[in-house]
Amino acid sequence: MGKYDVINTRARRLDAPDKATGRAKYVDDICLPGMLFGAMLQSPLPHAEILNIDTSAAKKLPGVKSVVTAEDAGMVKYGVSPARYDETVFCKDKVHYIGDEVAAVAAIDLDTALEAVSLIKVDYEELPAVFTVDEAVAEGAPLIHEDFPRNICGEVHNEFGDVEKAFKECDLIRTDTFKNKRQDAGFLEPNGCIADFDPLGRLTLYSSTQVPHYVQRIVAMVLGLPIGKVRVIKPCIGGGFGPKAGTTPMELIACLLSMKTGKPVKMNYTREQVFLFGRARHQFVHTMTTGVKKDGTLMALKNKCYLEGGAYTSFGIATVYYAGSLLTGPYKLRNMKYDGYRIYTNKPTCGAQRGHGSVISRAAWEQQLDCVAEDLGMDPLEFRLKNVMETGDTTINDLYTSSLGMKECLEAVKTGSTWKEKRGKLPKGKGIGLAGGFFVSGAGYPIYRSDTPHSTVTIKLSDDGGNARVYTASAEIGQGSDTTFAMIAAETLGIPLSDVAVSSGDTDFGVDLGAYSSRQTLMTGHATKRAAENVKAQVLAVLSEQLDIPAEEMDIKKGLIEFRNGNPDFEGLRTRYLKEHRGWTDHPGGDDLTFREAARVAFLEKGPIVGSGAYKPGDLGGKYKGAAVGTSPAYSCSAAVVEVGVDMETGKVTVDNMTDAHDCGFAINRTSVEAQLQGSLSMGLGETLFEEVKFDNKGGILNADFGEYKIPTALDMAPVDTIIVESDEPNGPYGAKEVGEGAILPTIPAILNAVYDAIGVRIWELPLTPERVYMAIKKKKEEQKD
Amino acid sequence: MKKLIQMTINDTDCEIAVRPNQTLADVLRQELGLTGTKKGCEVGECGTCTVILNGKPVNSCLVLAVQADGCSILTIEGMQTDEGLHPIQEAFIDKGAIQCGFCTSGMILSAKSLLDQNPHPDDKEVRTAISGNLCRCTGYQKIVEAIKGVNE
Ligand code: FES
Ligand code: FES
């Protein structure tokens, strides 16, 4: 092994044994004494005035402990970004979509709670509703939120360089329009929570959240509690992928019901309610115009986008920014104009999902880039290489890439997929396609304006010196972050991974902004490294005093103290340790002083050895409006080559194999990096081929279940050849940066480009259902006949 | 009206009074504390509630507890023996086949049921056997590798 003992290995995950044996506790596995069960009444109408709510029958039902409405909850507005707080716990005057919360019940069991909900009588007066962007922005359309004319929730207008001028210098310009469908994140664990308001006035919320920190703040704000009296604990959670990165009405309702009853209250979304809560991928319609020179130099992009966003904002303002800002890499783009509009509709709210905001713009553009390459008569891979950015480049919108292995990613998939041998040589119905991606390694700024550290970590040594425990509020949501931080701590302290434990996901453990924007490895990783350095320095300082050797002449490796000038006489220390451990059988022995002995002596001399570390990125980004979105201390990049087969008779697309290269900086855990790549590709495959949340003409979801909303099964998913490209990221802990989200970016367009290679016709709308592909093939055939 | 039923769960006999509309998944989780069995959809579409009932994998959310009267059931909690973890559990841990873990119990039980019949399955056989167990995290690759590797 190289320089490192713990990181860059394939260490087993710390949480795997518990998860493999059923010991791991998810929120619905927790039972508290005297616990009540909550249920919600949600609007059956997409847009309606509430005339009256009658809860009397529900209140009378035996077993019901509390019935609450907006009267009880108050009307404090909340949401994700403070500039667009547009939600309240319950609707008071009107409902905005099918699923909007109107009332809730706590009862002794779930059946009673559900029965009580059915007894609540609400009189509505239906209002005209809008379900599409076109309907919503039409002159005279009903307004979903009074203060937002034309139902425009947010808009972005940016220009970098001079696009029109650049187009004049171009030899080739083309315009295409691309659209996707709403996706559902499809995590396997429906959202759940338990709120426990105790007699001392403290509220503990156990929740399946990606962001304990933000939930803590919103709960406190909405329910009028001091932040310090609210504690949010995230148990194991069954996936998140974005939609669990905001506060749910259910969390607030459970807290309110617990405060009303003085009992713990458990609530869960059904699978249907998961779909109704939504907050997953928006529907985007991108119209892009790209201009290039004859030699393939990429000159300008004009990008106009409409996002159909649903009833509330959620992450939407960031989403509409991301749909523009992240196209400026990983290819040198000299001029860019972006106009984005996020539109409210009377449908469930869209939010952030893996690759936030940038997935569909990336899919659209990477397909268009292939068209451009073809028009120029260039190989798409060579075209991308010609324009590729390198480490140290800054994008036109001021994103600085302190490391960027894009060229390496492209070369890696070229070799790995045997691109040259296959491109243009596959039989009809078989195709190979390529695409790239670019993503943030953590958002540069918190969601609310603040100078807060983005992560704080505390490491405490056990008093015997045998264990180090990492305390962090970060969110292990399945991606493996706990193990990553344990590895970083172990490496930094110089002790084996088996001597490090992690307690995470609890707001009592510090500040951590949570699992979103692919931020934790870099940010929480930094804080962990700093905390471990601090602990190590404390131990070595005591040792230095005890042995009269300068601390700089000592190090810790593999659990042993290394002395630069050879081992000194440490018999005194060892004897001191042994004396207080009579009867133990695992005495430290050997020629070297162990970390355990050193840490024990440090404890005896100084008391508890606790070290902390914090991380906050420096000032990032430009000065223009919205410059904060897209900033990051580091950027990842990726490339994928996909091979597909298309049944020319039925239009069915099968992905045969994928080769994927991702620059994750320095890989902390190689197995986990591969696992993120494979999971991302799978999600991207589903989104490309079949995933679509469908609606009836009243804004009701037609397929709010895994039977009709299909996510990839083991039979749909193709084998992936994963290639880890390691650049050394100066802003990352040990050079590490993100992998969890960026890896999805090339998947969709690589499949699109492969399908074109297979059938010779471009498809500009997702998903690639057999019907859509078949119709495209048919249309092409007819055109050829004429 | 509750009904008394008898089951052998993880080799232990158990007698319990259940409501006629209670699912096996709920009885395992809520009455018996065997929360390793998960519920991702409650309508038989995700496989997270998979248990082995009389030797066959079933979605326990689709089985009424009363239907399991007299049956023998293996849940994830019964996979570990006095010798330690079951080799399938070892393989899942070792190969990195576990991320969020919500599908894991069901996956492992489906894998057991496959390997009991077919100790050396090929890729396609593994994928078919777990095709009723959804996993959103892993893309299945490491799960397939783990299962194929158990008896290699
Ligand atoms: S919970 Fe039983 S199949 Fe989904
Ligand atoms: S590991 Fe998360 S669903 Fe399979």
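The values are calculated or read from the model by the stated rules, or taken from the named source; none is laboratory data. Just so we're clear, the structure is a prediction, and the values are computed from it rather than from any experiment. With ideal geometry, Cβ positions are generated from the backbone for all residues, glycine too; neighbour counts draw on all protein chains shown. What goes into the accessible areas is simple: the full protein's heavy atoms, side chains included, and nothing from ligands, DNA or RNA. Shrake-Rupley method; radii C 1.70, N 1.55, O 1.52, S 1.80 Å.
Brief remarks on what is shown
- Only one entry of B:Glu15, B:Glu45 meets the criterion of being within 11 Å of another protein chain (Cβ to nearest Cβ) and either more than 16 Å from ligand 2 (Cβ to nearest atom) or under 20 Å from B:Ile130 (Cβ atoms) (or both), and that entry is B:Glu45.
- The number of residues in segment A:656-688 being within 16 Å of A:Ile432 (Cα to Cα), open to solvent by 10 Å² or more (accessible area, probe 1.4 Å) and either more than 12 Å from chain B (Cβ to nearest Cβ) or touching a helix residue (DSSP H, G or I) at 6+ places or on another chain (Cβ under 7 Å) (or both) comes to 1.
- Qualifying residue in segment A:108-115 (condition: in contact with a strand residue (DSSP E or B) (Cβ under 6 Å, 6 or more places away or on another chain), assigned to a loop (DSSP other than H, G, I, E, B) and either small (Gly, Ala, Ser) or open to solvent by less than 70 Å² (accessible area, probe 1.4 Å) (or both)): yes
- Qualifying residues in segment B:96-105 (those that are within 16 Å of ligand 1 (Cβ to nearest atom) and outside any helix (DSSP H, G or I)) - the one farthest from the other protein chains (Cβ to nearest Cβ): B:Cys103
- Scanning segment A:326-381 for residues that are open to solvent by 10 Å² or more (accessible area, probe 1.4 Å) and either hydroxyl-bearing (Ser, Thr, Tyr) or touching a His at 6+ places or on another chain (Cβ under 8 Å) (or both) turns up A:Asp339, A:Tyr341.
- In the set B:Ile93, B:Ile108, only one residue is within 11 Å of A:Thr21 (Cβ to Cβ), more than 16 Å from ligand 1 (Cβ to nearest atom) and of a type in the set (A, V, I, L, M); that residue is B:Ile93.
- Segment A:488-511: number of residues that are more than 15 Å from A:Ile556 (Cα to Cα) and assigned to a helix (DSSP H, G or I): 4
- Residues in segment B:50-58 include none that are facing another protein chain (nearest Cβ under 8 Å), in contact with a Ser or Thr (Cβ under 6 Å, 6 or more places away or on another chain), in contact (Cβ under 8 Å) with a residue 60 or more places away in the chain and within 14 Å of ligand 2 (Cβ to nearest atom).
- Residues that are assigned to a loop (DSSP other than H, G, I, E, B) and touching a helix residue (DSSP H, G or I) at 6+ places or on another chain (Cβ under 7 Å), drawn from segment A:334-348: A:Arg334, A:Thr345, A:Pro348
- Within segment A:558-574, the set of residues being open to solvent by less than 60 Å² (accessible area, probe 1.4 Å), closer than 18 Å to A:Glu545 by Cβ and out of contact with any helix residue (DSSP H, G or I) (no Cβ under 7 Å at 6 or more places or on another chain) comprises A:Gly572 only.
- Candidates B:Gly132, B:Gly101, B:Gly106, B:Gly96, filtered to the one that is touching an Asp or Glu at 6+ places or on another chain (Cβ under 9 Å) and near ligand 2 (Cβ under 10 Å from one of its atoms): B:Gly101
- Filter pass, B:Ala91 being more than 26 Å from A:Asn191 (Cα to Cα) and in the same structural domain as B:Cys135 (by TED's automatic domain parsing): yes
- Residue match in segment B:24-34 (condition: away from every other protein chain (no Cβ under 12 Å) and crowded, with 24+ Cβ neighbours inside 10 Å): yes
- Any hit, segment A:172-187, residues being more than 14 Å from chain B (Cβ to nearest Cβ), in a helix (DSSP H, G or I), among the polar types (S, T, N, Q) and within 31 Å of the chain's Cα centre (by Cα): no
- Search result, residues across segment B:64-93 that are open to solvent by 10 Å² or more (accessible area, probe 1.4 Å) and within 16 Å of ligand 2 (Cβ to nearest atom): B:Ala91
- Being open to solvent by 10 Å² or more (accessible area, probe 1.4 Å) and either assigned to a helix (DSSP H, G or I) or within 12 Å of chain A (Cβ to nearest Cβ) (or both) is not true of B:Glu152.
- In the set B:Asp123, B:Asp116, only one residue is over 23 Å from A:Asn191 (Cα atoms), open to solvent by 10 Å² or more (accessible area, probe 1.4 Å) and in contact with a helix residue (DSSP H, G or I) (Cβ under 8 Å, 6 or more places away or on another chain); that residue is B:Asp123.
- Selection of strands (runs of 3 or more DSSP E) fully inside segment A:1-104 by the criterion of at least 3 residues being open to solvent by 60 Å² or more (accessible area, probe 1.4 Å) and more than 14 Å from chain B (Cβ to nearest Cβ) returns A:48-54.
- Of all residues in segment A:498-542, those that are touching a Leu at 6+ places or on another chain (Cβ under 8 Å) and more than 28 Å from A:Arg231 (Cβ to Cβ) total 2.
- Residue count, segment A:733-765 (criterion: closer than 19 Å to A:Glu674 by Cβ and open to solvent by 10 Å² or more (accessible area, probe 1.4 Å)): 4
- Qualifying positions in segment A:706-758 - more than 22 Å from the chain's Cα centre (by Cα), outside any helix (DSSP H, G or I), modelled with pLDDT of 95 or more and among the charged types (D, E, K, R): A:Glu708, A:Asp716, A:Asp721
- Restricting B:Ile93, B:Ile130, B:Ile76 to residues that are within 21 Å of A:Asn669 (Cβ to Cβ) and either within 7 Å of chain A (Cβ to nearest Cβ) or of a type in the set (Phe, Trp, Tyr) (or both) narrows the list to B:Ile93.
- Some residue of segment A:631-641 being away from chain B (no Cβ under 14 Å), surrounded by fewer than 24 Cβ atoms within 10 Å (Cβ to Cβ) and in contact with a helix residue (DSSP H, G or I) (Cβ under 7 Å, 6 or more places away or on another chain): no
- Any pair with Cβ under 8 angstrom, 6 or more apart, that starts in segment A:713-733 at a residue that is without any contact (Cβ under 8 Å) to a residue 12 or more places away in the chain and ends at one that is surrounded by fewer than 19 Cβ atoms within 10 Å (Cβ to Cβ) and among the small types (Gly, Ala, Ser): A:Thr713/B:Ser131; A:Thr713/B:Gly132; A:Ala714/B:Ser131; A:Leu715/B:Ser131
- A:Phe90 passes every criterion in (1) among the aromatic types (Phe, Trp, Tyr); (2) within 16 Å of ligand 1 (Cβ to nearest atom); (3) farther than 30 Å from B:Gln99 by Cβ apart from (2).
- Taken together, the criteria place A:Lys460 among residues that are closer than 17 Å to A:Phe595 by Cα and not assigned by TED's automatic domain parsing to the domain that holds A:Tyr85.
- Here A:Val122, A:Val102, A:Val133 are screened, and the one residue that is among the aliphatic types (A, V, I, L, M) and over 30 Å from A:Gly63 (Cα atoms) is A:Val133.
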